[in-house]
Amino acid sequence: MSNNIKNIAIKTLSKAWATLLEINYDYQFKDGTWKHVSRESYDRGHGTGILLYNVDKGTIILTKQFRMPIYHTNKDEAMSIEICAGAIDDNDLPESTIIREVEEEVGYKVKDVKKIMETYMSPGALTEKMYLFVAPYSEDMKVNEGGGVASEDEEIEVMELPFSKALEMMASGEIQDAKTIILLQYAQIHNIFK
């Protein structure tokens with residue numbers, strides 16, 4: 001691959017919430033021609049997400065929160081229903097990050113999480129890699145009401161619902177978040193509730 005790309009020039013466009021770069025480069029296509037290409041790349045670090053499930057109750061835990069980028073595109077869909085998720089800070093491990101996020105966002109203290117995959121959610125524009133997990137939960141793990149961290153301007157509604165209902169919400173378009181859809185389908189394919 002390194003033989004097909006040269007003359008890489010990177011320009012920082014913004015370092016506000018994250019880093020937005022303009023990357024210009026020459027790329028050799030399969031027909032042998034070289035073309036000058038310009039792309040933008042948004043680097044906000046990597047993230048984690050988890051599907052919490054309770055086999056005995058047949059339930060999962062999701063979150064509901066306001067998302068400005070969705071609001072900007074479609075005001076009617078701005079309250080996004082998603083798995084518990086969060087950004088990896090500094091040199092934290094994905095596992096410790098998601099355990100912390102579960103307690104902050106939904107109020108459960110989980111200890112053992114199972115990583116099921118790593119995925120780029122939008123590789124044409126974002127550098128973010130998502131580390132996706134699943135873990136069982138039970139009522140004895142509940143340590144607080146969740147809702148997020150006020151200092152991070154989070155206001156998160158915790159939703160415990162039947163897994164079958166979540167699948168219906170995915171099919172109807174009420175759930176549109178990609179990481180959530182991936183983990184719901186993972187749970188369905190791997191028969192977590194059977």
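The values are calculated or read from the model by the stated rules, or taken from the named source; none is laboratory data. In this text the structure is predicted, and so the values were computed from the model without any measurement. Cβ: placed from backbone, ideal geometry, glycine included. Neighbour counts: every protein chain shown. These accessible areas exclude ligands, DNA and RNA; they are computed on the full protein's heavy atoms, side chains included. Shrake-Rupley method; radii C 1.70, N 1.55, O 1.52, S 1.80 Å.
The distance separating the Cα centre of the range 1-64 from that of the range 132-194 comes to 25 Å. Taking all Cα pairs closer than 8 Å and separated by 6 or more residues, the relative contact order of the chain comes to 21 percent. Computed from the Cβ-Cβ distance with R0 of 25 Å, the FRET efficiency linking residue 91 to residue 143 stands at 0.45. Helix 94-106: angle to the longest alpha-carbon principal axis of the chain, degrees 0 to 90, nearest 10? Orientation of helix 94-106: about 50 degrees from the principal axis.
Between residue 181 and residue 68, the FRET efficiency estimated from the beta carbon spacing at R0 = 30 angstrom works out to 0.90.
Among the GluC sites (Glu not before Pro) in the range 156-194, none is located in a DSSP loop while being surrounded by at most 11 other Cβ atoms within 10 Å of its own Cβ. For a straight C-alpha distance cut-off of 16 angstrom, the lysines reachable from residue 111 (same-chain residues fewer than eight places away being disregarded) are 142. Assuming a ≥ b ≥ c are the square roots of the Cα gyration tensor eigenvalues, decide whether the range 40-194 counts as rounded (a/c under 1.5), prolate (otherwise, with a/b larger than b/c) or oblate. Judged from the Cα gyration tensor, the range 40-194 comes out rounded (a/c under 1.5). Of the candidates 21, 51, 184, which one comes out as most mobile in a Gaussian network treatment of the chain with C-alpha springs shorter than 10 Å? Most flexible of the set in this elastic network: 21. For the chain, modelled as a GNM whose springs connect Cα atoms under 10 angstrom apart, the maximal fluctuation among 148, 124, 32 occurs at 32.
Placing pseudo-labels 7 Å out from each Cα toward the beta carbon at residue 192 and residue 33 gives an inter-label distance of 4.7 nm. When a 1.4 Å probe is rolled over the protein heavy atoms, the share of accessible surface on the range 88-194 that falls to carbon and sulfur comes to 48 percent.
Taken per residue, the accessible surface of the chain reaches 60 Å², heavy atoms only and a 1.4 Å probe.
Relative to the longest principal axis of the C-alpha atoms of the chain, give the angle of the C-alpha long axis of helix 163-172, reported between 0 and 90° and rounded to the nearest 10°. Approximately 40 degrees, to the nearest ten. Cross-link partners of residue 194 among lysines, defined as those whose alpha carbon lies under 19 angstrom from its own and excluding same-chain residues fewer than eight positions apart: 57, 114, 165.
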